[in-house]
Structure formats: C-alpha cells, structure tokens
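Report on the following structure.
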Amino acid sequence: MIKLTGDSKDVLSIENVVAGYGSFRVIGPITFSAETGNVVVIHGPNGVGKSTFMKTLATLLKPIEGNIYLNKRPISKCREVLFYLPESIDTVLPLEVTVLDYLRIISSTYGLGWDRREIVEILEVFGLPRSEPIRRLSQGQKRRLQLASTVVVRGQARVYILDDPSIGLDDISKKMLLPGIIRELKEKAIIIISTRDYTFAESIKDLTNLTIDAVKYSRVVPKPSTSSHLEKEKSLRT
C-alpha cells in the first residue's frame, strides 16, 4: 500500500508531461498537481488528445516526455490504487457476465471483500438489474454500471481517472447522478475528469479545483480549412 503524505493526503504530480504514441506528440507539455479532495477537469472537443493524456495518467501509455508521481513515487508503481474509466463502453465490458458478477470481479480486483448487501444497495441506487447479463443492458445502463464500480472500490482507489464519464448517460443522470458520485468519491481520492460536454463541466463547477483547456495544449488540433475561413469572412461582411 502506498503511504500517505504527512497531512494524510495523497499528492499527484504531473510534471511537463507530453502524451502521444511512439514519438508522435499528441498533447502537452502539461504540468499540475492535485491532492486528495481535488477535482481536475480537462475539457475540449473530440480529437485534441484528452483520451491520450488520460491513458498516460492511467499508465496504459508511457509519457513521451515528463514524469507522473503519486506521493513522489512513479505512477507506474501505483497501479493498485488507480481507477481508470475509459471513454468506450462496449469494448471494455465482459458482455456475458451478469451485472452482479461484474461488480464482484471489480471488488476482487482491488482486493476488497464481497459485501453482497452493499453491492445490491449500490445497484438499486444506480437503477440496475442485478441478474441481467451485461449484453442486455442499454448503453446508458452499461455506463451506469461502469460508474457503479467506481463506488464499489471507494476507499481503495486513491486516484480516479474518468475519461468522458457522461457519455451514454441521459440528462437526469448527467445532472444528478454523476455529480453526486464525484462528490462522494472526492472525499477520499483525487479525481481527474476529461469531458467534451461543457454542460456537464458547468454542472460540477462547484466541485472543480482546476480546469484545463485541452485545446491550448493539443499538438493535433485540426486547422480550419480555407473554405471555412472564407465562410467566416463572408458571414462577417454580411
């Protein structure tokens, strides 16, 4: 187990991190630090490198440049306390497993005991059928299941890396359920969120300690075409 700092708070340090694939730089350099109780939101449209950066935080990719530390230890040596929620839904879920068994697997992965009553209560809060195989769930239900797993491991996970968590959710879940989850998780963890949804980002503004505009750090922002410039100039003249 990773030791806490002297003030009983974990500290995540991102130092001049450039993320990408091989030698191809996608985003960065980015520098910031966060401690237990902090929420960092990285916002921007599709294609600017948010997911690449989040995968780097989750140790799925190595930084091209820079370093990431948790309590002064390389993040690659702290995987047991990281929770990564990917942007994708279907491609990462075991579709033939039941909802209840999926949460049992997640709990076991983090070395937690199995409290069936607690898990059932969580499923009721998230409005999920415990005995259904995941393949029968709607996209919104699958995303809620992924989010339910974040609550199952609270206390063990110390850094949550949530890549576009509002994807697949209905408006009520975005406005009520998701902010409530973040509020609960941040009590004992550091929360890093990426999002393309500015309405969602605004809904958690009161919980957010740092906001990062991914466009400012992107190395791959599409340049406007000549035609788009002409259209813009035309609209200005009219």
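Observations
- Span from the region 100-117 Cα centroid across to the region 126-140 one, whole angstrom: 17
- For region 38-104, the list of trypsin sites (Lys or Arg not before Pro) that fall in a loop by DSSP and count at most 14 other C-beta atoms within 10 angstrom reads LYS72.
- Too-long pairs where the Cα-Cα distance tops 26 Å, listed order kept, from LYS77/LYS216; LYS142/LYS216; LYS142/LYS186; LYS77/LYS186; LYS62/LYS174; LYS62/LYS175: LYS77/LYS216; LYS142/LYS216; LYS62/LYS174; LYS62/LYS175
- In sequence order, calculated HN-Hα J values of region 21-30 (Karplus, 6.51, -1.76, 1.60; Hz; x Gly/Pro): 10, x, 9, 7, 7, 9, 8, x, x, 10
- If the chain linking ASP171 and VAL97 were pulled fully straight, counting 0.36 nm for each residue of separation and taking away their Cα-Cα distance, it would gain 23.9 nm.
- Principal axis extents of the Cα atoms in region 51-172, from largest to smallest and rounded to whole angstrom, are 44, 30, 27.
- Chymotrypsin sites (Phe, Trp or Tyr not before Pro) within region 47-154, DSSP loop, no more than 11 other Cβ atoms inside 10 Å: TRP114
- GluC sites (Glu not before Pro) within region 1-101: DSSP coil, no more than 16 neighbouring Cβ in 10 Å: GLU96
- Only helical runs count toward this figure. For the chain, summing -39,500 (n - 2.57) over DSSP H runs of n ≥ 4 and dividing by all residues gives -8500 deg cm²/dmol at 222 nm.
- Rh by Kirkwood over Cα pairs, then Stokes-Einstein D for region 11-237 at 1.306 mPa s and 10 °C, µm²/s: 85
- Whole-Å distance, taken between Cα centres, linking region 48-77 and region 153-203: 19
No lab work stands behind these numbers, since they all come straight from the coordinates. Just so it is clear, the structure is predicted and the values come from calculations on it, not from any experiment. With ideal geometry, Cβ positions are generated from the backbone for all residues, glycine too; neighbour counts draw on all protein chains shown.
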